[in-house]
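Reviewing the structure listed below.
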Amino acid sequence: MTLKVSITILLLSVITVTISSHSLNATLKTFDPRLLNSTADRDIAMQNVPLIRLTRHLLSPERYDVRVRPILDHKKSLKVHISISLYQIIEVDEPSQNIKLNVWMIQKWKDEYLDWNPNEFGMINSTIIPFHHLWIPDTYLYNSVKMSRDETERYMNIQVTSNYWKGEKGSELSFLYPAIYTITCRLNIRFFPYDRQNCTLTISSWTNSKSALDYYADPQVSMQSFIPNEEWQVKSFEIHRHEVSCCFFSNRTNQIHQFQYKYACCAEPWVILQASLVIQRKPLYYLVNLIIPTSIITLVAITGFFTPASTDDDRTEKINLGITTLLAMSILMLMVSDQMPTTSEFVPLIAWFYLSIIIIISIGTFLTSVVLSVQGRRHMEGIHHSSFVTSSSLFFHRFFFSMCLHLFKLFGVNLTMIR
């Protein structure tokens, strides 16, 4: 019995060993020894790529810190050059006194920490690095309506170019990004629709004075990619550089004001760039839809009041003409007022013209109704025409005499001396 058990255990052991050997052989057949070294080989291969080695070299934590201004001598000022390219005038909102622009911004500065020898990195002289890995100046548009950068500027990548071949240390950085700015602009619509507006973009650092950041700019804004606007024509777009000790920006005049004394917040001078955009309205649309119809309606209305009245029966065409003209002028005045800012400082001359025409036509309509009323009474009472003229002359003489007396009393004229 014991012998049988021993034989059975031996057979089971042989079977188990056989199955294990077959499994091992199958595993060895499907196993690729290169998988053991795939990660190590990948790291070695990446280290041999010049661009990857260069990026790791430049952005290593031991060499670079995005929180520090990239200049070796912290007592020196970092020069930032700004170029602007106007792409499109999206909207000029007269009631809100805002203008919306699509521009391309270019900021250039020197980063002394990003230094490398192109001979050691496959002769790479320039590379592209995402903006959040590098230090960028805190350039801000002071008179922007929207405060969030996500709504105005679209940051992407920065081009880094080595200064090795110039014999200088560091690199030149070019930061190009598109932006849609909505800025406040004091609109003077007195000569609408022949008005010209001057809107200013005030650009500077938000926290750094001239001792830390010194801004420079091209004198002219590039217009090579500009898409013409259907309503506005660009007359000029220039950038001016100002250095002020302490300053604030005035929305009323779009000008920089300089103080004679200093605050604790700005003991050092500040550099401010002002990009002045001068635009002129194209008046053809308003000439066709407002000025010419208004002139025709006014001419017809005034001419209609000088036409002789009928002596046969009551004719109310003059009154109908006056009321119709008043309605037409009111509609045209509403069309103008809808596009004007709600301000009492700059009232367009065309609005005063509409108001004057409305007053004149109202007076003419009122006098026409009076004349027709008197004429109707004359026919009813059988009064002679000469007596009507005499009564009318007497009425107007008394009216103007009473007006003169009122003016004399108003200005303090002694009536006894006149007599």
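The values are calculated or read from the model by the stated rules, or taken from the named source; none is laboratory data. Since the model is a prediction, treat every value here as computed from it, not as a measurement. Heads up, the Cβs are rebuilt from the backbone with ideal geometry, glycines too, and the neighbour counts pull from every protein chain shown.
For segment 226-253, the set of residues classified as assigned to a loop (DSSP other than H, G, I, E, B), at pLDDT 90 or above and exposed (fewer than 14 other Cβ atoms within 10 Å of the Cβ) consists of 228, 230, listed by residue number.
Assess whether residue 142 counts as being at pLDDT 90 or above, in the same structural domain as residue 232 (by TED's automatic domain parsing) and over 20 Å from residue 232 (Cβ atoms). Yes: the conditions hold for residue 142.
State yes or no: is residue 77 over 14 Å from the mean Cα position of the chain (by Cα) and of a type in the set (Gly, Ala, Ser)?
Yes.
Within segment 162-170, not a single residue is touching a residue at least 12 places away in the same chain (Cβ under 8 Å), in a strand (DSSP E or B) and surrounded by fewer than 20 Cβ atoms within 10 Å (Cβ to Cβ).
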